[in-house]
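Colleague: One structure, as C-alpha cells, below. Some questions next.
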Amino acid sequence: MRGLIAPANQPCDTIPFVSIAVPALNEEHYIEACLASLAGQWPEGYYEILVMDGGSTDRTVPIVEAARRRCDAIVLVANPGRLQSAAMNLAARIASPRATVLVRADAHALYPADFIQQCVDALLLNGATSVVVPMRNQARPGAILQAAIAAAQSSRLGNGGAAHRTNPRSGFVEHGHHAVFDLAFFRRIGGYDESFTHNEDAELDIRAIKAGGRIWMCAGASVTYYPRDRFGSLARQYFRHGAGRARTLLKHRLKPKPRQMMPVAALACSAAGLIAAPFLPVFAVIASMYPAICLAWGGMQAIRRRDPRLLVGGAVLMTMHLAWATGFLAGGLRRVSLPAALKSRSFGRSRTPIASETL
C-alpha cells in the first residue's frame, strides 16, 4: 500500500476517520483495480473500505476477499437493497463510530493517489457538506465499443455540457459526481432516496441545498470512469437515467433545463417524421436529420482522432439520447412518493460483515 504519513496541515491527533463505501454488483473486471487505487490513500487506522455487494454472481466476491487479505481496512458487506442508493445509506448506518467523513467510490472507476486527501481537504477547508469531482471517461485496452461510448460521453453532444464532465473549475456548484460527504449532514438529510435506481445523486443534491448544504467541486481530483461496453447495457442505463431525472423534477416540482429536453425533441421529431413520411415524403428528411447529425459526428471523430473505433460513435449517441428520452417520458408518467420505510429509517451503527457463502 502507498504510504501516507498524514493529511496536509493536520496533526495526527486530528486526522478524521474516513469510511469509503464502494457499491458493487458483478464488477469482476473493475473491482480489483478500484480497491488497489483506494487502499493506502489515508493513514492506517483512520479509514475503512466498505465494499457493499449487492449479490454478485461473478468473481467479484472472491476478488474482494483476496484484496481484504492484503488490506485490513477492507470489509465485505451484504447490500440486500442491491442499488447504489441503498448501499450508501447502509454504509452510512454501519460506518465506524469514529467516522466523520463518508466517501462514495464507484467500482467502475480508478482514483488518483491523492484523491481522498484532496477531497477531504476541500470538504474541511471550504466549509462544504459534500464534495463532487470531474469524471474522465476511458476504455479498457482492446474494448472497441467502450472506446466509442467513452468518446460520446465525453462530448457535449453526449453529456449536454454537464459541469463535472466538461472543463470544471473548483468552487461551489449545484451538482456533480459524488465523492465525499460530511457524514453527520448526510445522515441528517436522510441519505439517498432508495426509490431511485438512477439520478439519486442529483435528487440528493437538491435536498442538500434546501437543507443549507454547500457542494464543492474539487476540479483537481478527476476520476477515471469506465463506461458500459455493450449497446444493451448502455440503453438500459440511459433509460433509467432519463426516468430518474423525470422523477426528480416531479418530486421537487422543477422545470427541466433546455439541454435536458433536447433528447426528447430529437425523439419526437424522428418519430413524427417516420409516421408522417408515408403520407408526406418531405417528413422523411425531417426524420433523417437527427441520425445524420449523429453519424456525421462519429465519422468526424474517427477522422480527427485517427481512431476507426469511433465510427460507431453516432450509433452510441443515438442510443444514449433516445433511451434517455424514452425513460424521461416513461418516468414522467409516474407519481413520486418517498417510501415510508425510508422516511422513518434511522442511521444505526450495527455492522454485519459477510463471507462469500452468504451472498
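Colleague: Over region 70-168, what is the relative contact order in percent, taking alpha-carbon pairs closer than 8 angstrom and at least six residues apart?
Modeller: Reported as a whole number, the value is 14 percent.
Colleague: Now for a different question. Pull up the DSSP beta bridges for the chain and report the antiparallel fraction as a percent, rounded to 5.
Modeller: Around 35 percent of the beta bridges assigned by DSSP in the chain are antiparallel ones.
Colleague: Could you work out the relative contact order of the chain, using alpha carbon pairs under 8 angstrom and six or more residues apart, expressed as a whole percent?
Modeller: This gives 19 percent for the chain.
Colleague: With only alpha-carbon atoms in the gyration tensor, what are the semi-axes of the equivalent ellipsoid for the chain, in Å, largest first?
Modeller: 37, 23, 20
Colleague: Counting only complete DSSP H runs, which helices of the chain cover 30 Å or more along their long axis at the Cα atoms and score a mean Kyte-Doolittle of 0.0 or above?
Modeller: 282-305
Colleague: Through the Karplus equation 6.51 cos²θ - 1.76 cosθ + 1.60, θ set to phi - 60°, convert the phi angles of region 171-184 into ³J(HN,Hα) values in whole Hz; use x for Gly and Pro.
Modeller: Couplings: x, 6, 9, 9, 6, x, 6, 5, 10, 9, 10, 5, 4, 4 Hz.
Colleague: Name the shape class, rounded, prolate or oblate, that the alpha-carbon gyration tensor gives for region 109-257, where a ≥ b ≥ c are the square roots of its eigenvalues, rounded holds for a/c under 1.5, and otherwise prolate holds if a/b is larger than b/c and oblate otherwise.
Modeller: Note, shape of region 109-257 comes out oblate.
Colleague: Let me check I've understood the local charge: for Met261, count other residues with C-beta under 12 angstrom from its C-beta, Lys and Arg +1, Asp and Glu -1. What total comes out?
Modeller: +4
Colleague: Give the residue from Ala95, Ile286, Met135 lying farthest towards the positive end of the charge dipole for the chain; charges sit on Cβ (+1 for Lys and Arg, -1 for Asp and Glu) and the dipole is referred to the Cα centre.
Modeller: Checked the options; the winner is Ile286.
Colleague: Mind checking the dipole of region 248-332: about its Cα centre, +1 per Lys or Arg Cβ, -1 per Asp or Glu Cβ, Debye to the nearest 20?
Modeller: 440 debye
We did not get these values from a lab; they are worked out from the coordinates using the rules stated. Since the model is a prediction, treat every value here as computed from it, not as a measurement. Cβ atoms come from the backbone with ideal geometry, glycine included; neighbour counts cover every protein chain shown.
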